[in-house]
Amino acid sequence: MEKHTLSVLVENSPGVLTRVAGLFARRGFNIDSLAVGRTDRADVSRMTIVVEGDKPLIEQVTKQLHKLIDVIKISNITEDEYVDRELVMIKVTAEPGQRVEILHIAGIFRARAVDLGSKTMTFECTGTGGKINAFEESLRPYGIKELVRTGKIAMLRGSKFVALSPAQARDAESA
Amino acid sequence: MEITVAEALVECLERENVEIIFGYPGGAVLPLYDALYHSTRIKHVLVRHEQGAVHAADGYARVTGRVGVCIGTSGPGATNLVTGIANAYMDSVPMVIFTGQVPTIQIGTDAFQEVDITGITLPITKHNYLLKDPAKLSMVIKNAFHIAATGRPGPVLIDIPKDVAQARISFKYPSTVKLRGYKPTYKGHPSKITEIAKLFGKAKRPVIYAGGGVIASNGSEELLKLAEAISAPVTNTFMGLAGFPGDHPLFLGMLGLHGTRYANLAITECDLLIGIGARFDDRVVMNINSFAPHATVIHIDIDPAEIGKVITTNVPLVGDVKLILKELLPLIEKVDRSEWLERIKSLKEQYPLSYNRDSSLKPQFIVEQLWNHTKGEAIIVTDVGQHQMWVAQYYHFKKPRTLVSSGGLGCMGFGLPAAVGAALGAPGRKVILVTGDGSIQMTIQELATMMEQCLSVKIILFNNSALGMVRQLQEYYCEGRHMATNFQFHPDFEMIARAYGIPAYTFRTEEDVVKGLPEVLDSPGPAFVNCIVPPGENVLPMVPAGRGINESVAC
């Protein structure tokens with residue numbers, strides 16, 4: 001089963017996430033990750049959805065998504081060159097004597113310490129899913145207290161982009 | 001000039017040329033009903049249960065081809081609409097549903113008669129709206145009617161909190177819709193159209209498999225022309241019935257689970273399958289591996305998501321059936337297919353639809369008599385179950401929009417309210433409801449609506465004192481253990497009908513039908529005919545579960 005990355009532009013309207021998530025649930029499609037936030041336009045959000053499945057399934061996912069009125073544009077960018085990132089925050093057990101060692105590990109992954117407790121340290125780290133996984137595994141022996149990941153966001157490389165067409169940009173109105 | 005949202009809503013409906021609304025009032029829709037009170041152009045039909053309202057709007061939409069409109073209050077009013085919304089969604093019926101909602105400030109507090117109806121109907125509407133901003137009313141309604149009626153039609157729900165309905169706005173109705181995420185494809189891709197025309201030329205054994213999309217696009221005439229032009233036999237899905245003349249020599253009847261054996265065998269033998277406005281539903285395809293195994297598959301549909309969903313398609317073509325067929329017709333070259341048509345003829349002779357006549361009154365006989373007396377000119381509304389399949393098999397529909405029935409959802413209780421809607425949508429035409437004693441008891445309260453509206457619906461009840469279709473399934477799949485399918489108590493349906501002021505009759509023999517039916521059908525006013533039919537009769541042929549479409553059994 002291949003993983004596909006869909007870049008989806010949706011109306012920034014209440015319930016749009018429920019519509020998309022509900023569609024995946026009721027049609028039995030598995031979401032690997034879903035990241036959503038507004039774009040440079042206040043009325044449009046972008047969802048980066050990672051789905052696992054074969055070609056016919058991904059085609060069906062795309063077509064079903066298109067049927068949602070609030071979905072404006074879908075691009076399967078898997079086959080294209082793209083940059084993808086994920087952000088993770090990890091709170092790890094760190095006795096005062098372990099801090100230097102842990103900071104050293106963090107340095108390897110270019111993670112930054114963002115908080116310090118009497119017995120914990122919190123790091124942020126960005127990168128591809130693989131790098132984040134490796135960072136997580138490196139910290140696991142110290143005891144991970146809490147971990148939060150954003151899910152993948154992605155963007156096409158070079159001058160290609162996934163954006164509204166001029167006509168779509170004009171039709172700004174939506175209920 | 002400022003008016004209330006409720007008043008603006010009525011104004012919007014008038015602009016959309018809505019002539020009739022089916023509904024049931026309640027606390028949260030008080031403002032809407034108060035506004036309707038002042039409308040001179042919109043007729044409100046008071047039903048006896050919200051399910052009746054939504055099914056009636058459905059029946060109205062199916063016979064007229066227009067958007068059906070219904071309204072219910074918040075909470076239970078809204079949840080009572082749910083079955084009917086699902087029904088309209090499954091059968092792609094254009095509909096706009098209004099529900100009242102508790103005041104904005106109370107939303108999310110589990111207030112009295114509060115339900116999250118937009119949440120509940122998310123999977124069963126084409127789109128829905130919770131109207132929070134009074135200023136957006138006109139645009140939402142404009143969008144809703146547009147979405148409901150265009151592309152693949154479907155129901156759109158608008159939930160309106162009570163305080164929003166009371167808010168004052170300056171009214172302006174938009175002339176255009178702006179929906180950047182919704183642009184249905186109507187025109188078929190020219191190169192695909194040429195490709196398809198070429199395939200017609202090459203095929204030796206083509207079959208057209210036509211569904212409800214033909215009727216939805218008003219493409220019946222073009223379908224007939226296509227079938228005649230390429231000399232291809234036509235089979236209909238249940239939803240497609242009435243989209244092709246039932247008495248035409250090229251007609252194969254319905255296919256699938258209870259389809260004719262000759263339709264099913266034609267599918268099996270064909271080398272080109274032309275799916276038009278149909279969705280390869282499981283009741284049609286049965287076992288996917290033995291469905292049209294030798295065929296190149298063409299699939300024409302307005303909904304891209306239907307193409308490739310169930311079976312692999314060789315030539316997909318997205319667009320409006322009528323438009324596509326119109327473009328296809330001039331490209332067709334006449335091919336001699338007498339050999340294939342001979343084969344079809346012999347299949348028809350070899351495996352005709354048949355049932356055993358005996359001293360009892362067989363339901364199939366009644367349907368045949370209904371056909372004899374109406375010749376396909378009536379609007380036939382059915383409920384769900386065995387009677388529905390017998391109508392599909394033995395009534396030869398002639399014109400589109402003369403069959404009103406719940407296909408995809410298979411919703412018992414649909415018939416009576418849908419007949420009410422159909423009769424209101426087609427004044428002056430004969431509306432016949434064929435129903436069962438199981439189905440009609442689910443929505444029998446709508447007899448009151450029917451009488452209140454002075455509708456001359458002829459109700460033909462197939463009374464076998466059982467839930468026949470489920471009983472039949474138990475015969476085949478539960479070794480005849482009839483669990484909960486034989487009614488131990490049956491009401492006197494004649495007395496029920498009379499209690500509503502409806503002339504009632506009971507037919508027990510073929511002779512009763514032959515003598516009594518013409519009078520029932522030809523006399524003015526409503527009628528209720530209680531036909532006592534044998535409980536053991538099965539719908540045949542049928543394809544046993546798991547088997548291929550070519551393996552239907554006749555006993």
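Just to confirm my numbers, what's the Cα centroid distance between the stretch B:429-478 and the stretch A:90-112 in Å?
That distance is 73 Å.
From the mean inverse distance of alpha carbon pairs (Kirkwood) and the Cα radius of gyration, derive Rg over Rh for chain B.
Values: Rg = 24.0 Å, Rh = 24.4 Å.
Radius of gyration over Kirkwood radius for chain B works out to 0.98.
Restricting the calculation to Cα positions, tell me the Rg (one decimal) and the Dmax (whole number) of the stretch A:1-136 in Å.
Rg and Dmax of the stretch A:1-136, Cα atoms, are 18.7, 57 Å.
Obtain the nm distance between the two label points defined at B:E511 and B:H490 by a simple spin-label model: each point lies 7 Å from its Cα along the Cα-to-C-beta direction.
Spacing of the two 7 Å Cα→Cβ label points: 2.1 nm.
Once R0 is set to 22 Å, what does the formula 1/(1 + (r/R0)^6) return for the Cβ-Cβ distance between A:S118 and A:M89, expressed as a FRET efficiency to the nearest 0.05?
The calculated FRET efficiency here is 0.75.
Which lysines does B:K458 reach when only Cα atoms under 30 Å apart count, and residues fewer than 8 places away in its own chain are ignored?
B:K43, B:K362, B:K375, B:K398, B:K399, B:K430, B:K515
Using a Debye calculation, one point per C-alpha and no hydration shell, please list log10 I(q)/I(0) for the stretch A:1-60 at q = 0.12, 0.13, 0.14, 0.16 Å⁻¹ in order.
-0.29, -0.34, -0.40, -0.51
From Cα pairs below 8 angstrom and at least 6 apart in sequence, can you work out the relative contact order of the stretch B:2-170, rounded to a whole percent? Working shown, then result.
Details: 370 pairs, mean separation 46.8, N = 169.
Reported relative contact order: 28 percent.
Sort A:K73, A:K3, B:K162 so the one with the fewest other Cβ atoms within 10 Å of its own Cβ comes first.
Numbers: A:K73 18, A:K3 14, B:K162 21.
With the sparsest Cβ surroundings first, the list reads A:K3, A:K73, B:K162.
For the pair B:E551 and B:L331, what calculated FRET efficiency results from E = 1/(1 + (r/R0)^6), where r is the Cβ-Cβ distance and R0 = 35 Å, to the nearest 0.05?
Working from the Cβ atoms, E equals 0.40.
Can you pull the one-decimal nm distance between simple spin-label points at B:E14 and A:A167, each 7 Å off the Cα toward Cβ?
3.5
Give me the dipole magnitude in Debye, nearest 20, for chain A about the Cα centre, with unit charges on the beta carbon: positive for Lys and Arg, negative for Asp and Glu.
Working: 25 positive and 23 negative charges, 31 e Å.
It works out to roughly 140 debye.
Counting other beta carbons within 10 Å of each residue's own, what order do B:E339, A:E11 fall into, fewest first? Spell out each step's value before the answer.
On the way: B:E339 10, A:E11 23.
The fewest-first ordering by Cβ neighbours comes to B:E339, A:E11.
Work out the length of the dipole vector of the stretch B:129-281 about its Cα centre, built from +1 on the beta-carbon of each Lys and Arg and -1 on the beta-carbon of each Asp and Glu, and round it to the nearest 20 debye. Each step should come with its number before you reach the end.
Numbers: 19 positive and 11 negative charges, 161 e Å.
Taking the Cα centre of the stretch B:129-281 as origin, the dipole is about 780 debye.
Taking the Cα centre of the stretch B:316-367 as origin and charging only Cβ (+1 Lys, Arg; -1 Asp, Glu), how large is the dipole, in debye to the nearest 20? Provide the component values of the computation, followed by the final result.
Numbers: 9 positive and 8 negative charges, 44 e Å.
With Lys and Arg at +1 and Asp and Glu at -1, about 220 debye.
Expressed as a rounded percentage, what relative contact order does chain B have, with Cα pairs under 8 Å and six or more residues apart?
Values: 1274 pairs, mean separation 79.8, N = 555.
Computed over chain B, the figure is 14 percent.
Need the full-extension length gain, A:T128 to A:D40, defined as separation in residues times 0.36 nm minus the C-alpha distance. One decimal, nm.
Details: separation 88, 0.36 × 88 = 31.68 nm, distance 2.32 nm.
Gain on extension, A:T128 to A:D40, equals 29.4 nm.
I'd like to know how the protein assembly as shown sits against the 2.2 N^0.38 Å rule of thumb: what's its Cα Rg over that expected value?
Details: Rg = 29.2 Å, N = 730, 2.2 N^0.38 = 26.9 Å.
After normalising by residue count via 2.2 N^0.38 Å, the value is 1.08.
Can you give me the orientation-averaged projected area of the convex hull built on the Cα atoms of the stretch B:1-122, in nm²? Numbers along the way, then the final one.
Working: hull surface 30.9 nm².
Its average projected convex-hull area is 7.7 nm².
Kindly put A:T18, B:T435, B:T125 in sequence by how many other C-beta atoms sit within 10 Å of each C-beta, fewest to most.
Listed from fewest to most nearby Cβ atoms, that is A:T18, B:T125, B:T435.
Multiplying the sequence separation of B:E479 and B:S175 by 0.36 nm and subtracting their Cα-Cα distance, what value in nm do you get?
Gain in length upon complete extension: 103.3 nm.
Between A:A25 and B:H38, what's the calculated FRET efficiency when r is the beta-carbon distance and R0 is 60 Å? Round to 0.05.
Values: r = 44 Å, r/R0 = 0.73.
Once rounded, the FRET efficiency stands at 0.85.
Please name whichever of A:A111, B:G436, B:V457 sits farthest to the positive end of the charge dipole of the protein assembly as shown, dipole taken about the Cα centre and charges placed at Cβ: Lys and Arg +1, Asp and Glu -1.
Comparing the listed Cα positions along the dipole, A:A111 ranks first.
Rounded to the nearest 500 deg cm²/dmol, what is the calculated helix-only ellipticity per residue at 222 nm for the protein assembly as shown, with -39500 (n - 2.57) per DSSP H run of length n ≥ 4?
On the way: 27 runs with 256 residues, N = 730.
The helix contribution divided over the protein assembly as shown gives -10000 deg cm²/dmol.
Apply the Debye scattering formula to the stretch A:83-153, with a single equal point scatterer on each alpha-carbon and no solvent, then give log10 I(q)/I(0) at q = 0.16 Å⁻¹.
Log10 I(q)/I(0), no solvent term: -0.47.
Once you put a point 7 Å from the Cα of B:L30 and another 7 Å from the Cα of A:R99, both along the Cβ direction, what distance in nm separates them?
It works out to 6.6 nm between the two label points.
Can you check how the C-alpha radius of gyration of the stretch B:363-532 compares to 2.2 N^0.38 Å, as a plain ratio?
On the way: Rg = 15.2 Å, N = 170, 2.2 N^0.38 = 15.5 Å.
Compared with the compact-globule rule of thumb, the stretch B:363-532 sits at 0.98.
Can you tell me what share of the DSSP beta bridges in the protein assembly as shown is antiparallel? A percent to the nearest 5 is fine. Don't skip to the end; give the middle numbers.
Working: 47 of 109 bridges.
About 45 percent, rounded to the nearest 5.
If you add up the charges near B:G436, with Lys and Arg at +1 and Asp and Glu at -1, over every other residue whose beta carbon is less than 14 angstrom from its beta carbon, what do you get?
Numbers: positive: B:R471; negative: B:D383, B:D437, B:E537.
For residues surrounding B:G436, the net value is -2.
Just so you know, all these numbers are worked out from the coordinates, no wet-lab data involved. Keep in mind that this is a model prediction, so the values were computed, not measured. Counting neighbours? That spans all protein chains shown, and the Cβs are built from the backbone with ideal geometry, glycine included.
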